[in-house]
1. How many residues are surrounded by 24 or more Cβ atoms within 10 Å (Cβ to Cβ), of a type in the set (D, E, K, R) and away from the ligand (no atom under 12 Å from the Cβ) if we restrict to segment 154-200?
2. For Ile394, work out the one condition from (1) buried (at least 23 other Cβ atoms within 10 Å of the Cβ); (2) in a helix (DSSP H, G or I); (3) more than 19 Å from the chain's Cα centre (by Cα) it doesn't fulfil.
3. Against the condition under 27 Å from Ile319 (Cα atoms) and away from the ligand (no atom under 14 Å from the Cβ), how does Leu81 come out, does it pass?
4. Pairs needed: first member in segment 449-460, in a strand (DSSP E or B) and within 11 Å of the ligand (Cβ to nearest atom); second member anywhere, among the polar types (S, T, N, Q) and modelled with pLDDT of 95 or more; C-beta distance under 8 Å; at least 6 residues apart or different chains.
5. In this structure, does Gln284 turn out to be within 16 Å of the ligand (Cβ to nearest atom) and in the same structural domain as Thr420 (by TED's automatic domain parsing)?
6. Does Gly126 count as over 30 Å from Ala481 (Cβ atoms) and in contact (Cβ under 8 Å) with a residue 40 or more places away in the chain?
7. Any residue that is within 7 Å of the ligand (Cβ to nearest atom), at pLDDT 95 or above, farther than 19 Å from Glu467 by Cβ and outside the structural domain of Phe388 (by TED's automatic domain parsing) - is there at least one of those in segment 243-250?
8. Taking the condition of being under 23 Å from Glu37 (Cβ atoms), touching a Lys or Arg at 6+ places or on another chain (Cβ under 9 Å) and not hydrophobic (A, V, I, L, M, F, W, C), how many residues in segment 188-215 meet it?
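The values are calculated or read from the model by the stated rules, or taken from the named source; none is laboratory data. Predicted model only: the values in this text are computed from it and were never measured. Backbone-built Cβ (ideal geometry, glycine too); neighbour counts: all protein chains shown. Keep in mind that these areas ignore ligands, DNA and RNA; they rest on the heavy atoms of the full protein, side chains included. Shrake-Rupley method; radii C 1.70, N 1.55, O 1.52, S 1.80 Å.
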Amino acid sequence: MLKIKAYWQNYIDGTWTDGGAGRIVVDDPSTGEKVAEQALADAADVDHALDAAKRCHETGVLTAMRPVERGRMVRAMGDYLLANIDVIAEVLCHEAGKPLWEAWLEIQGAARYFEYYGNQAETLEGRSIPLGASYCDFTTCEPYGVSAQLIPFNYPVELAARSLAPALATGNACVVKTPELDPLSSAYIAEAAEYAGLPRGAVNILCGLGREAGVALVGNRSVNQIVFTGSVPTGISIASAAAQNVVPCVLELGGKSAAIVWADANVDALVSSVRWGIFFNAGQVCSAMSRLIVHDDVHDEVVDRVVEMARSISVGPGIERPDFGANMGAMISAAQRDHAEAMCREAERQGARAVVGGRKLDQPGYFLEPTIFDHVTPEMSIAREEVFGPVLSILRFSQEEEAVRIANGTTYGLVGGVFTADVTRAMKIAARLRAGQIFVNEWFAGGVETPFGGYDKSGYGREKGREALWNYVQTKNIAIALQT
Ligand code: NAD
């Protein structure tokens, strides 16, 4: 049994430090009991971290080396996480409430980002532009300098890696603000940076409250670029702060993503996708499959099958669920769980029918039953608003137009899906869905290599894939007049 240390510090300028705002208690969502205390950064700590990052950038240490050397250090960070995965996953399991096997997947996912972007470091190249015999003209890709990154609670390690890896691979120095609900396991990212030999100030990891450290970070003039992953309301205030300082900003926000299911869909594959799509991480996934829009001809069969699957899921403490299977952990906090449950009650009031679940579990910890609503109509709040919990809404359709209209009928546009044996139909619908990523016949198909990001209120910019590299560099053009 892992003994988790009682107090965790922030990592600023290569040094472990206390927080000017004191400490925050991190609890275990599966019991409600205290796990440890975490140092809380205040605005002065944020300034200190940004000064360190700026100094690191201005020394040129990250940009002077060959990109392959930078890439090796980034890859080594992933190696460190994998070498310590049993310890890190257990801490993550306790602080985030997720099953142990899901925590393992998260650390493996984080390591994969460091591997992928480490490998990409030496692939970014400029181009030469012909201007006739009197000139030589070319472009270079330069890092912005100081990248500020704000991380949500649902995948604290993996999402930090998602932004940190391409930022470092392209030569930026970073300040990462971890989520206050589950900040502990991010300390291992700082350890990984030390292990990899990154220079002081290249990676700063601090926890602080959004309204204090987060606001101080995004408003600071030393920041050259911002990556925010989180909710729409916070994203709007981050975008406003970025606009004030005229710095670019990537917004990876929430979703209310829908899968359209045709009568010729493979129902076994669909049920497996629903299991992952809405019950993975207790539904606390931005790209969760939170709506199923099902053709009339197959509606009853689909409802029976997904209800049977939801009933088979065992819900309880993540540490007692070490193995991949039909199980689910807790939600992150009592507040998130109660909010999700209140949304379920409102759905019932508006006429939706809970065919399974809909209530919190009567036991310690922040558990919500795997929940499926049938008889949902597009105007109901459960069909329009992000629950961020294990709650699926089933709607029905008879004509393609109707299905596309329902799928596109929210303010979000993160991902979408089509389940059908007819690839031509899938391609036509994929082109009409307003979302940054479309899954055909398998929810979450893709990987680190595939670009990800939102349309509409789900945000802008793309993380993952080659596309993400462009978030972290700016183009410089150099024109040389040749002497005659
Ligand atoms: P949140 O917006 O409450 O917080 C995200 C981060 O921002 C936290 O670190 C928080 O401390 C910080 N923050 C809060 N207020 C701030 C402010 N005013 N200024 C600066 N920083 C501030 O989000 P959350 O509840 O942690 O995460 C859930 C949300 O994140 C959901 O909406 C989910 O869909 C979204 N999300 C999106 C993606 C994606 O890639 N699109 C991935 C994961 C989660």
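1. Qualifying residue count for the region: 0.
2. Of everything listed in (1) buried (at least 23 other Cβ atoms within 10 Å of the Cβ); (2) in a helix (DSSP H, G or I); (3) more than 19 Å from the chain's Cα centre (by Cα), Ile394 misses just condition (2).
3. It is true that Leu81 is under 27 Å from Ile319 (Cα atoms) and away from the ligand (no atom under 14 Å from the Cβ).
4. Pairs that qualify, where the first residue is in a strand (DSSP E or B) and within 11 Å of the ligand (Cβ to nearest atom) and the partner is among the polar types (S, T, N, Q) and modelled with pLDDT of 95 or more, are Phe452/Ser287; Phe452/Gln437.
5. yes
6. no
7. Checking segment 243-250: not a single residue is within 7 Å of the ligand (Cβ to nearest atom), at pLDDT 95 or above, farther than 19 Å from Glu467 by Cβ and outside the structural domain of Phe388 (by TED's automatic domain parsing).
8. Total meeting the criteria: 3.
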